Amino acid sequence: MNQFGLNAGGWIFLIAAWGAILYFTFYCFYKVLFGKKNAEQSSEK
Amino acid sequence: MKDLEKSQSRELWASRIGLILAMAGNAIGLGNFLRFPVQAAKNGGGAFMIPYFVALLLLGIPLMWVEWSIGRRGGQFHYGSAAGAFGTLARSRVGSRIANYLGALGIAIPISFAIYYNYIESWTLAYSSFSITGKYFGILDRDSMLTFLQSFQGITSSAHFSGITGEVLAIPFVALIFFFITISINVWVLSRGVAEGIERLAKIAMPTLFIFAIILVIRVFTLGTPDPAQPENSVMNGFGYLWNPDFSQITKAKPWLAAAGQIFFTLSIGTGSILTYASYMKRRDDIALTGLSTSVTNEFTEVILGGSIAIPVAVAFFGLTETRAIADGGAFNLGFAAMPIIFQKLPLGQMFGAMWFILLFFAGITSSVALCSPAMAFLQDQLKMKRQKAALVIGAVLLLCGLPVVMFLGHGFLDELDFWAGTFGLVVFAMIEVILFAWIFGMKRAWAEINEGADIRVPKIFKFIIQFITPVYLIGLLVFWGVQDGIPILLMSGKDAAHIPYLWGARFMIVGLIVVCILLIAYAYKKGTIHHEVENS
């Protein structure tokens, strides 16, 4: 088999994996950088 | 609070983002860029992501929280390694003593790992300079590039490198110089301390790594089909090779074991280094969100960045059949034999080659420093050694124990260390951690410990997972590995008789390091720097 590109299953797995990882990456860093505790620490300073 | 007073004399992280970058640096290593794409491609492509994410949820993230919790707790009692931190989880004096002696594994395993990891890391530093100087340029086939790598390692002789290549041992001069430089950088970072050394390294290395990786990913995406005469050799086919699911694979045990192994390797679980880094936190510092942040940063680097460079570009230049052969040859074949050929075919290849190997070096050094940190913490906290002296002692151990790795590489010395310390040892240590935490310390207190100061609500399902699923998963892994790999490796089945003394040498080295750690723990007890911190509350 010389050619297959990304088939439908490939796209689904790629998008699902990348989507989940990107979602959690942004979620975590948003909470770390702009979360409640961080805001409290900034206001204390 | 007595424990809080004690913790004030220990070093602390200077910032939360610095801690996340240092922990991410600990996790992000050579495996993210070399091991993961090879494992995924060989074990079902996209379908590999099913066992991979299952292992992440049932093993990786729970064990990560367990290790962070034990570390932060240990730090409050002035313990920076498992030898001491484990004892705080026990409910009796005898139990505490046993737990602390088991903690010897949490110093000996990571230092054994660091010994050979530093050598591999030094290859990336060497290849960075070879890319800049164009030393491997002109070598355009894989066999010749492998010969180049082996002559650099001293396994074969060639005109490229001077050194001694013999039946018994090899003394590759250039490789030794780079090994020495790599160890020196590790020692220098460790001697600077937590905030000024490890955290500062992470703040420089991690952003640089991300920038280089993103540039390389963009370059790969814009390659398309490098040779229009061979339209099947394209980046998209590379992504297809990596992502198109082969569901027949995941009905077998192999991809599940490979995925679990990859999760262990990539998150640096079971090395004791997470525990040490977490010991430099304050009692009320969050570990739930911070730990999760480091894990997702690692996954971003591995799946999105690591999965988009080496395999797609290899398919684009070598085609699918040869890329399969490269992947079957292992991660080093991909990183050190295939990639240097590809860089020669790209405009500005020397620059991209240097970026690739510097990226790998940064990934490596942030991990190797972390692997040395449990021993460093023990020398400082329990043996009361000054930081610079402790760093020099670790450097001496890395160099002295690393010399057999360099000289006997061709005899399988490194592979033997890798199996016992870097694979089997990690699972055993993680098993001890989770049993101590969930069953000896008690799941009720363990759950409170994880949630202490938490910035996110940890889903309650993880209480059940940590107590039951993760230990069973680990037992399953140990049984499978024991039967599949452990027994043949233990008996050295199929090994050349000439290599057997060297393999025994590697085993004696690990056992020797464990014995030394046990003796040092006994000495710390005598010195009074390890107490019986038994709580009943």
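Residue B:252 fulfils the conditions (1) more than 20 Å from residue B:86 (Cα to Cα); (2) more than 13 Å from chain A (Cβ to nearest Cβ); (3) touching a residue at least 60 places away in the same chain (Cβ under 8 Å); (4) surrounded by fewer than 20 Cβ atoms within 10 Å (Cβ to Cβ) except for a single criterion, (3).
Tell me, yes or no, whether segment B:275-288 has at least one residue that is closer than 19 Å to residue B:59 by Cβ and out of contact with any helix residue (DSSP H, G or I) (no Cβ under 6 Å at 6 or more places or on another chain). Yes: segment B:275-288 contains one or more residues that are closer than 19 Å to residue B:59 by Cβ and out of contact with any helix residue (DSSP H, G or I) (no Cβ under 6 Å at 6 or more places or on another chain).
Once segment B:21-49 is narrowed to residues that are part of a loop (DSSP other than H, G, I, E, B) and either within 14 Å of chain A (Cβ to nearest Cβ) or acidic (Asp, Glu) (or both), the residue that is farthest from residue B:330 (Cα to Cα) is B:28.
The C-beta contact set for segment B:284-303 (first residue surrounded by 24 or more Cβ atoms within 10 Å (Cβ to Cβ), second residue among the basic types (Lys, Arg) and assigned to a helix (DSSP H, G or I), distance under 6 angstrom, 6+ apart or interchain) comprises B:287/B:72. Looking across segment B:273-298, the residues that are closer than 22 Å to residue B:111 by Cα and small (Gly, Ala, Ser) come down to B:273, B:278, B:279.
Would a scan of segment B:273-281 turn up a residue that is more than 21 Å from the chain's Cα centre (by Cα) and modelled with pLDDT of 95 or more?
Kept after step one, since they are more than 21 Å from the chain's Cα centre (by Cα), are these residues of segment B:273-281: B:281.
When the remaining residues are screened for being modelled with pLDDT of 95 or more, the result is B:281.
Yes, segment B:273-281 contains at least one residue that is more than 21 Å from the chain's Cα centre (by Cα) and modelled with pLDDT of 95 or more.
Scanning segment B:89-145 for residues that are over 15 Å from the mean Cα position of the chain (by Cα) and of a type in the set (Asp, Glu) yields a count of 2.
Residue B:53 passes every criterion in (1) out of contact with any helix residue (DSSP H, G or I) (no Cβ under 7 Å at 6 or more places or on another chain); (2) assigned to a helix (DSSP H, G or I); (3) away from every other protein chain (no Cβ under 14 Å) apart from (3).
Being within 11 Å of chain A (Cβ to nearest Cβ), surrounded by fewer than 24 Cβ atoms within 10 Å (Cβ to Cβ) and part of a helix (DSSP H, G or I) is the filter here, so list the residues in segment B:310-323 that pass it.
Scanning segment B:310-323 gives B:320, B:321.
Among the candidates B:183, B:177, the residue that is closer than 19 Å to residue B:25 by Cα and assigned to a helix (DSSP H, G or I) is uniquely B:183.
Yes/no per residue for (1) on the phi > 0 side of the Ramachandran plot; (2) among the aromatic types (Phe, Trp, Tyr):
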| site | (1), (2) |
| --- | --- |
| B:486 | no, no |
| B:490 | no, no |
| B:494 | yes, no |
| B:504 | no, yes |
| B:509 | no, no |
| B:514 | no, no |
| B:517 | no, no |
| B:529 | no, no |
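Helices (runs of 4 or more DSSP H) fully within segment B:419-464 that include at least 1 residues being out of contact with any Asp or Glu (no Cβ under 9 Å at 6 or more places or on another chain) and modelled with pLDDT under 95: B:425-435. Being over 28 Å from residue B:425 (Cβ atoms) and modelled with pLDDT under 90: is that true of residue B:208 here? No.
The values are calculated or read from the model by the stated rules, or taken from the named source; none is laboratory data. Bear in mind that the values here come from a model prediction, so they are computed numbers and not experimental data. Here Cβ is always computed from backbone atoms with ideal geometry, including for glycine, and neighbour counts include all displayed protein chains.
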